[in-house]
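J.: Right, I'll just put the structure down here and ask away after.
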Amino acid sequence: HFVQEIEQLSFPEAVERLASRAGITLRYENVSTGERRAMGRRQAVYRANARAAELYHRMLLSGREGEDARAYLASRGISKEAAGEFGIGYAPRYPDFLLRRMTKDFSTEVLVEAGLAHKDGRGEVRDSFRGRVIFPVHDLSGREVGFGARLLEGEGPKYLNTRETEVYRKGQLLYNLHRAKTEVSRTATAHVVEGYTDVIALHGAGIPAAVATCGTALGEGHFELLRRFAQRVVLAFDSDEAGAGAAQKAYAFHERYPLEALVLVLPEGLDPADFVKDKGAEAFRAEVERAVPLV
């Protein structure tokens, strides 16, 4: 019950979290063989994501191939300590970095199901993320459920996220909420920003109640999630166009949830990361005080 209240988890979530910490295998009663098999598959996906996050992070910290990624993070003002705290990693360019290291413990089917690998046009299994800085995404219990990835160079979309899986549903996830939820509950306020690096920059500047959507627009599922912890939501954007677009989408359903929604458009087209880097945390807090009610 204590974990439920402190971490804002449901009873099953709290039991599963404590069991995982204590090394206890849970046995679920009154479930069919098919449901039990699906649960086992889900647990394998969780373990695969955790292992992948560990490998990516190790590559960023000490891998020769991770030099460009380390330089990129430094250019964004993200320190080695912050990279460690947020578990940031790097996926090398070659197509079987994870496959070569994980197929001893996980089947290729599990890796594909987790979104860590996929079949290419010739039917060959390849890593999903290559040549990208990796940002692990966690559920409320702190389990790795997927990844956001930024391309450093070469062809392909600039940002790529884990495809929808059994455990990664981006319409129901907010990056960093598992870490920020205590501060959000304490202050009753959440700051919703557009990018992972914005979250990390605000956290480093002493504004830990920041979260971001995972490559999708702010939706009803996000408001439903936020209402568990916050009474006020500040939507922080780096342009009038982005702010107006998000506000228009949010307005359609915000009245269903007991949340005060505010829209903050930062001056000079700066994103939150650049704003706190150039002007500091106090200036950001002052801008928050001038945020406009969504209505």
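J.: Tally Lys and Arg at +1 and Asp and Glu at -1 over the other residues with C-beta under 12 Å from the C-beta of H191: what net charge comes out?
T.: After counting each charged neighbour, the total is -2.
J.: Let me ask another. Take the residue pairs K119/K181; K104/K181; K181/K249; K80/K119 and return only those whose Cα atoms are more than 31 Å apart.
T.: Beyond 31 Å between Cα atoms: K119/K181; K104/K181; K80/K119.
J.: With the full set of protein chains in place, find how many percent of the accessible area of the chain is carbon and sulfur; take the probe as 1.4 Å.
T.: Taking all protein chains in place, the chain shows 48 percent carbon and sulfur surface.
J.: Now for a separate question. Would you mind checking which residues have amide H under 5 Å from V145's amide H? H placed 1.01 Å from N; only 5 or more apart, or other chain.
T.: V137, H138, D139
J.: If you count, for each residue, the other Cβ atoms within 10 Å and average over each peptide, how do 153-165, 188-200, 121-133 line up from highest to lowest?
T.: With the highest mean Cβ count within 10 Å placed first, the list reads 188-200, 121-133, 153-165.
J.: Defining a contact as two alpha carbons under 8 Å apart and six or more residues distant in sequence, what relative contact order in percent does region 134-174 show?
T.: With pairs under 8 Å counted, the relative contact order is 29 percent.
J.: What is the set of long-range amide H partners of L235 at a cut-off below 5 Å, with H atoms built 1.01 Å from backbone N?
T.: Residues meeting the amide H criterion: V192, L262, V263, L264.
J.: Between rounded, prolate and oblate, where does region 206-295 land on the alpha carbon gyration tensor, with a ≥ b ≥ c its root eigenvalues, rounded for a/c under 1.5, else prolate if a/b exceeds b/c?
T.: prolate
J.: How many Å² of accessible area per residue for the chain, probe 1.4 Å?
T.: 50 Å²
J.: Let me ask something else. I'd like to verify something in the chain: which complete DSSP H helices, judged by Cα projection on the helix axis, reach 27 Å or more and average at least 1.0 on the Kyte-Doolittle scale?
T.: Sorted by number, there is nothing, because no helix extends far enough and scores high enough.
J.: Apply the a/c threshold of 1.5 to the C-alpha gyration tensor of region 138-228 and tell me whether it is rounded, prolate or oblate.
T.: Judged from the Cα gyration tensor, region 138-228 comes out oblate (a/c at least 1.5, b/c at or above a/b).
J.: Before anything else, pin down the relative contact order of the chain: Cα pairs under 8 Å, at least 6 apart, normalised by residue count, whole percent.
T.: Computed over the chain, the figure is 13 percent.
J.: I've got another one for you. Using packing as a proxy for protection, rank 87-94, 260-267, 278-285, 173-180 so that the peptide with the highest average count of other Cβ atoms within 10 Å comes first.
T.: Details: 87-94: 21.9, 260-267: 18.8, 278-285: 14.2, 173-180: 23.6.
By packing density, highest mean first, the sequence is 173-180, 87-94, 260-267, 278-285.
J.: Then there is this: Whole Å is fine, so just give me how far the alpha carbon centre of region 153-200 lies from that of region 250-266.
T.: Spelled out, the Cα-based centre of one part sits 18 Å from the other.
J.: Filter the chymotrypsin sites (Phe, Trp or Tyr not before Pro) in region 1-58 down to the DSSP loop ones having no more than 15 other Cβ atoms within 10 Å, then list what survives.
T.: Passing both the DSSP loop test and the Cβ count: Y28.
J.: Continuing with the same structure: Please give the calculated 222 nm ellipticity per residue for the chain, where each DSSP H segment of at least 4 residues contributes -39500 (n - 2.57) and the sum is spread over every residue; nearest 500 deg cm²/dmol?
T.: Rounded to the nearest 500, the figure is -13000 deg cm²/dmol.
J.: Another question about this same structure. How large is ³J(HN,Hα) for each residue in region 82-94, as worked out from phi by the Karplus curve 6.51 cos²θ - 1.76 cosθ + 1.60 (θ = phi - 60°), to whole Hz, x for Gly and Pro?
T.: Rounded to whole hertz, the list is 5, 4, x, 5, 8, x, 5, x, 9, 9, x, 6, 6.
J.: Once you order the gyration tensor axes a ≥ b ≥ c over the Cα atoms, which shape class does region 91-163 get: rounded for a/c under 1.5, otherwise prolate or oblate by comparing a/b with b/c?
T.: On the way: a/c = 1.72, a/b = 1.02, b/c = 1.68.
It comes out oblate by the Cα gyration axes.
The values are calculated or read from the model by the stated rules, or taken from the named source; none is laboratory data. Given the structure is predicted, the values throughout are model-derived calculations rather than measurements. Because the Cβ atoms are built from the backbone with ideal geometry, glycine has one as well, and the counts that use them run over all protein chains shown. Surface accessibility is based on the protein's heavy atoms, side chains included, excluding ligands, DNA and RNA. Shrake-Rupley method; radii C 1.70, N 1.55, O 1.52, S 1.80 Å.
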